[in-house]
Amino acid sequence: MTKLKRLAVLDDRIIEIQRPISDSEIHSRQADYPLLAPVDFAKKYRDVLFRTVSLGYEGEYHNIQMNRCDNPYCKWFGLEQHRFESAKGKPSRYRLSGAKGGTSHAIVCNPDPTTTIGKMTWKCTTNALSNWSIAEEIKRLATHDRVQDWEPEYEFHRGSCLKHDITPFATPNHFYRRGKSSGKSQKWQCKTCKKITNVLPERRETTTYHQQRNDILPTYVALILNRTPVKRVCEILEISSDTYYRKLE
């Protein structure tokens with residue numbers, strides 16, 4: 001059944017984002033925020049900046065980690081944050097520098113504490129970015145102008161009905177068909193409690209009569225709004241120019 005469409009919202013979870021912090025860490029932050037000075041608070045939770053965020057789309061998961069060296073001549077180029085537990089002082093691969101003169105925070109490459117032989121580090125400076133914020137922006141862009149099936153929740157029974165968990169989609173023999181409304185929605189009546197419920201029509205029942213390619217209409221309208229040339233629209237949708245102009249009318 002071809003269902004009616006609606007614009008997607010962030011709650012549709014087209015993209016899944018795994019939070020880089022746990023619920024206990026959130027509660028800890030909320031407790032520390034009014035108690036610690038801004039500098040102390042930032043110092044305590046600065047390691048969260050280097051946590052990788054996992055983003056899922058269509059069954060595949062991708063890691064987002066923007067806070068790494070971007071100098072191809074540096075030894076730490078493209079490597080994630082790491083703490084050298086066996087070295088003296090337990091230094092990290094990167095350190096976070098403070099914002100100065102209106103500039104944003106940055107990560108700076110530290111020297112390699114394990115060896116001085118081979119490729120060198122160059123104290124490279126890279127702008128610090130929030131992996132979580134970038135993931136949320138990707139999610140917003142992926143949801144923008146996207147359409148989803150409209151699946152409303154129906155109440156097919158009265159509160160006292162003994163068959164309240166039965167629907168006409170699964171067991172239509174427990175319902176009467178009572179024709180269609182003026183909006184072409186099917187009417188179903190429960191045989192037990194006699195409640196009548198209107199069900200949204202299929203998409204092909206709500207568009208212009210004799211439309212043979214309803215499935216292309218959302219993409220067709222989007223292409224027109226983006227001022228795509230007629231020939232290119234026909235190529236993308238695999239339709240003729242006659243079909244293009246008939247739908248335009």
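Annotations
- Residue satisfying all of: in the range 43-71; closer than 26 Å to Thr121 by Cα and over 28 Å from the mean Cα position of the chain (by Cα); most open to solvent (accessible area, probe 1.4 Å) among these: Lys43
- Complete set of residues in the range 14-42 that are open to solvent by 90 Å² or more (accessible area, probe 1.4 Å) and touching a strand residue (DSSP E or B) at 6+ places or on another chain (Cβ under 9 Å): Gln18, Arg19
- Restricting Arg46, Arg19, Arg51 to those that are closer than 23 Å to His105 by Cα, of a type in the set (D, E, K, R) and touching a Leu at 6+ places or on another chain (Cβ under 6 Å) reduces the list to Arg46.
- Residue count, the range 151-188 (criterion: loosely packed, with under 13 Cβ neighbours inside 10 Å, of a type in the set (Gly, Ala, Ser) and within 34 Å of the chain's Cα centre (by Cα)): 2
- Which numbered condition Asp47 misses (of (1) closer than 30 Å to Pro113 by Cα; (2) in contact with a helix residue (DSSP H, G or I) (Cβ under 7 Å, 6 or more places away or on another chain); (3) not aromatic (Phe, Trp, Tyr)): (2)
- Screening the range 103-147 for residues that are over 27 Å from Tyr45 (Cβ atoms) and β-branched (Val, Ile, Thr) and picking the one that is least open to solvent (accessible area, probe 1.4 Å) gives Thr143.
- Flag if Pro91 is farther than 30 Å from Ala222 by Cβ and surrounded by fewer than 12 Cβ atoms within 10 Å (Cβ to Cβ): no
- In the set (1) in a loop (DSSP other than H, G, I, E, B); (2) in contact with a strand residue (DSSP E or B) (Cβ under 8 Å, 6 or more places away or on another chain); (3) of a type outside the set (A, V, I, L, M); (4) surrounded by 15 or more Cβ atoms within 10 Å (Cβ to Cβ), the condition left unmet by Cys193 is number (2).
- Taken over the range 110-160, the criterion of being more than 30 Å from Lys194 (Cβ to Cβ), basic (Lys, Arg) and assigned to a loop (DSSP other than H, G, I, E, B) is satisfied by Lys119, Lys123, Arg146.
- Ser54 touching a Ser or Thr at 6+ places or on another chain (Cβ under 9 Å) and among the hydroxyl-bearing types (Ser, Thr, Tyr): no
- A residue that is of a type in the set (D, E, K, R), open to solvent by less than 60 Å² (accessible area, probe 1.4 Å) and part of a helix (DSSP H, G or I) occurs nowhere in the range 74-82.
- Count of the range 17-32 residues, restricted to those that are outside any helix (DSSP H, G or I) and either aliphatic (A, V, I, L, M) or within 18 Å of the chain's Cα centre (by Cα) (or both), is 5.
- Cβ separations smaller than 7 Å between residues 6+ apart or across chains give the following pairs from the range 48-63 residues that are within 12 Å of Ile14 (Cα to Cα) and in contact (Cβ under 8 Å) with a residue 24 or more places away in the chain to residues that are loosely packed, with under 15 Cβ neighbours inside 10 Å and of a type in the set (Phe, Trp, Tyr): Leu55/Tyr61.
The values are calculated or read from the model by the stated rules, or taken from the named source; none is laboratory data. Here the structure is a predicted model, which is why all the values come from computation and not from measurement. Every residue, glycine as well, gets a Cβ built from its backbone with ideal geometry; the counts of neighbours run over all protein chains shown. Just so you know, the surface numbers come from the protein's heavy atoms only, side chains and all, with ligands and any DNA or RNA stripped out. Shrake-Rupley method; radii C 1.70, N 1.55, O 1.52, S 1.80 Å.
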